[in-house]
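Computed from the coordinates by the stated procedures, all read-outs in this text should not be read as laboratory data. Quantities reported herein were computed from a predicted structural model and do not represent experimental measurements. Note that each Cβ is placed from the backbone with ideal geometry, even for glycine, and that neighbours are counted across all protein chains shown.
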Amino acid sequence: MGFAPRVRFSRSARCSRGFSLLEVLVAFMIVALVVTALFRLYGGAMTNMSAADDWTRALLVAQSRLAVASAAQPLREATETGTEDDGRIQWQTSVVAWTPPDVNADVEQASQTMPTRLFRISVDVHFPGIADKPRTLSLSTVAIGARNPA
């Protein structure tokens, strides 16, 4: 005669079969904290990417304006302003006669007789940064041009 053995679980075995409500809540809180940290990290990365994109655009505008001003023949003292990128980026280009600092007086006097002179070409670009804080990028170069353009 076969008696089927009955399996009896003790009280401690029944309690350890699943997760308690407290364990589930703690796990949920840990997951929530991790997800929150990841969202903040992602948001910060997006802000940094946007700022890098703004700096790149401003640099491209400055480089192109500097190239345009340097290529002008003959070079003349002038100032030019404008905007790019739907008015978000303002630029100012200036070309001025330039004398190097700490130049010997004899060299300066001798250079006055030459048909060419040095011009400093500079570009200032103003654009909004993070949280619309104003930013400025400046580039400049020196070029040789005619002293008295015809």
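Evaluate the distance, in nm, between pseudo-label points positioned 7 Å from the Cα of residue 92 and of residue 68 along their respective Cα→Cβ axes.
1.7 nm
Once phi is turned into ³J(HN,Hα) by the Karplus curve 6.51 cos²θ - 1.76 cosθ + 1.60 with θ = phi - 60°, what whole-Hz value does each residue of the stretch 112-126 show in order, with x for glycine and proline?
5, 8, 7, x, 10, 8, 8, 10, 9, 10, 10, 10, 10, 10, 10
Once every DSSP H run of n ≥ 4 in the chain is given -39500 (n - 2.57) and the sum is divided by its residues, what mean residue ellipticity at 222 nm do you get, rounded to the nearest 500 deg cm²/dmol?
Dividing the helical sum by the residues of the chain leaves -14500 deg cm²/dmol.
Take the stretch 11-146, drop everything but the C-alpha atoms, weight them equally and run the Debye formula without solvent; then report log10 I(q)/I(0) at 0.14, 0.19, 0.21 Å⁻¹ to two decimals.
The computed values of log10 I(q)/I(0) come out as -0.80, -1.05, -1.15.
Roughly how many nanometres apart are two label points built 7 Å out from the Cα toward the Cβ at residue 108 and residue 126?
3.2 nm
Compute the long axis of helix 21-71 from its Cα atoms, compare it with the longest principal axis of the Cα atoms of the chain, and write down the angle in degrees, 0 to 90, nearest 10.
Here the helix axis deviates by roughly 10 degrees.
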